[in-house]
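Below you'll find the structure, written out as structure tokens, and then a few comments.
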């Protein structure tokens, strides 16, 4: 398989994961300011399966599509207003979270243990960005922002981190075996 074909498959997976994030965003548990969604599970899967480059590109594509007006954000919402509204910090926080999770996994290995650590780090990064932006955009005190944008998501976030780690590592291995996902290591092995 040549480089162009590998790049095309990687771009298709990137677009597929942008769609998966949009679909998972519709699984919501409403809360007063920020709902609990399946988005963060999908973000964890994207980073764990695709790594830093294509995982982050899938999140960027998702944010661009949603900002352009396609209703892919939670509760079938869309538009730039979502990025500057109370939940905008969580959405923007997905970018550094995915990139850092991917880098961590690429450096230390795509194992369940490392995926779990990476997903917990990603959850904390997302909550950090979201809480800060919630405080600013909703003019809340630090205590109110922390109790409405951080604390309610810790337990559910840990569960999603575990699920994204387990499924992500499993799916990544299967995609590599099926020659649908390529890594530098698998590309080298194929050329021998």
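The values are calculated or read from the model by the stated rules, or taken from the named source; none is laboratory data. Computed from a prediction, not measured in an experiment: that's the story for all the values here. Neighbour counts run over all protein chains shown; Cβ positions are idealised from the backbone, glycine included.
Would you point out which residue out of 149, 162, 130, 168 is within 22 Å of residue 16 (Cβ to Cβ) and touching a helix residue (DSSP H, G or I) at 6+ places or on another chain (Cβ under 7 Å)?
Details: 149 fails: within 22 Å of residue 16 (Cβ to Cβ); 162 fails: within 22 Å of residue 16 (Cβ to Cβ); 130 fails: within 22 Å of residue 16 (Cβ to Cβ).
Exactly one of 149, 162, 130, 168 is within 22 Å of residue 16 (Cβ to Cβ) and touching a helix residue (DSSP H, G or I) at 6+ places or on another chain (Cβ under 7 Å), namely 168.
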Legend entry - Conditions (1) within 27 Å of residue 178 (Cβ to Cβ); (2) surrounded by fewer than 24 Cβ atoms within 10 Å (Cβ to Cβ); (3) at pLDDT 95 or above: number failed by residue 6: (3)
